[in-house]
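No value in this document is a laboratory result; all are computed from the given coordinates. All values reported here derive from a predicted model rather than from experimental measurement. Here Cβ is always computed from backbone atoms with ideal geometry, including for glycine, and neighbour counts include all displayed protein chains.
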Amino acid sequence: METRRRPIADLAALIRPSHAAKAILLVPVALIGATAPSPAEVAGVLWATVAFMVASAAVYIGNDLADRHRDRLHPVKCHRPIAAGRVGVLAAAVCCAVLLAVLGAVVARAPVESWPVLVYLVLNIAYSRLLKHLPLIDVGTVAAGFVLRVVQGYEVTGDRVPGWLLITVFSMALLLLIGKRRQELLEGGAAHRPALRGYSMELTNWLLQIASVLALVSGLMYLRDEGPFGPQHGPTAMMLSTPFALFALFRYLQIQLVHNEGGDPVRVLLRDRVMVANSMVWAAALGVTLVLVRL
């Protein structure tokens, strides 16, 4: 066991600050289609983002507590603060309880319906207790959490949730999660995660292809039919996005199948320079198009 050399850093690592990007990127999506968001809508989206960040942090600690024995068998996860013994079980449980109390206070002052956050918590309790051990259902459950983030944003604005957008988010999350399972198979096998007994390298390779196609098609259909560009300019946004979307998927599959990386999807999306550069140019192109459309 390692001694506690960096107690503040270890406690901070429990909540995985980099994973806050999931809420920061997904919850405010509802504002993209709004012509002129009101201050109340902006404040509501900010509230929803914070609520999901706090809920996710509590979930991460709870999962690390439940998985601490199996994490010690994993070559990478064995270095997590709880599994490595740098943060005690009691201290981690107290941190989780504090976060849940903060979440309760945030939800109590919610300006809109907060059922997606509550469903997210219930879903993750079920995941930690049972669903994580069921192959295929495990990745579907986690992917549903990404969808709930988007839905919460639309609860704030009151707009209809675009169906193609939900399919895109769900399939993209599946793509990243299947890649993570593939990497876990490469690194440690089923000893760390019992659900991996229901996967194989061949199966994950096929699932990556299926999820990639679904993510690509649904994302382009969202831009064409339901995106913020309107029916007149939606096809232009779709055509403009096609090469960027294809390149992003090609790059991710290259990272997975050639470099055998991708165990941490957040790291892949936010720290891979090629992926980040492609995303920035893509976002800039769509941003300019949206401005021109609304002039």
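The figures follow:
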| quantity | calculated |
| --- | --- |
| Percent of C-alpha pairs per 10 Å bin, the chain, short to long | 6, 25, 34, 25, 9, 1, 0 |
| Exposed GluC sites (Glu not before Pro) absent: longest stretch of the chain, with sites in DSSP loops and at most 14 other Cβ within 10 Å deemed exposed | 114-295 |
| Expected 222 nm ellipticity per residue - DSSP helices of 4 or more, -39500 (n - 2.57), all of the chain, to 500 | -23500 deg cm²/dmol |
| Distance between modelled label sites at residue 6 and residue 251, nm, 7 Å Cα→Cβ extension | 2.8 |
| For region 23-99: rounded, prolate or oblate by the Cα gyration tensor [a/c cutoff 1.5] | prolate |
| Efficiency of FRET between residue 239 and residue 97 - r from beta-carbon atoms, R0 45 angstrom, step 0.05 | 0.30 |
| Sites residue 73 and residue 280 - FRET efficiency at Förster radius 35 Å, r taken between beta-carbons, to 0.05 | 0.35 |
| Rg over Rh, two decimals, region 202-295 (C-alpha only, Kirkwood Rh) | 1.03 |
| 3J(HN,Hα) from dihedral phi, region 106-120, Karplus parametrisation 6.51/-1.76/1.60, rounded to Hz, x for glycine, proline | 5, 5, 4, 9, 5, x, 9, 4, 10, 4, x, 5, 5, 4, 4 |
| Charge-dipole axis of the chain as Lys and Arg at +1 and Asp and Glu at -1 on Cβ define it, positive-most pick from 107, 201, 283 | 201 |
| For residue 87, residues with placed amide H under 5 Å, excluding near neighbours | 82 |
| Cα-Cα pairs of region 136-225 separated by more than 17 Å (percent) | 53 |
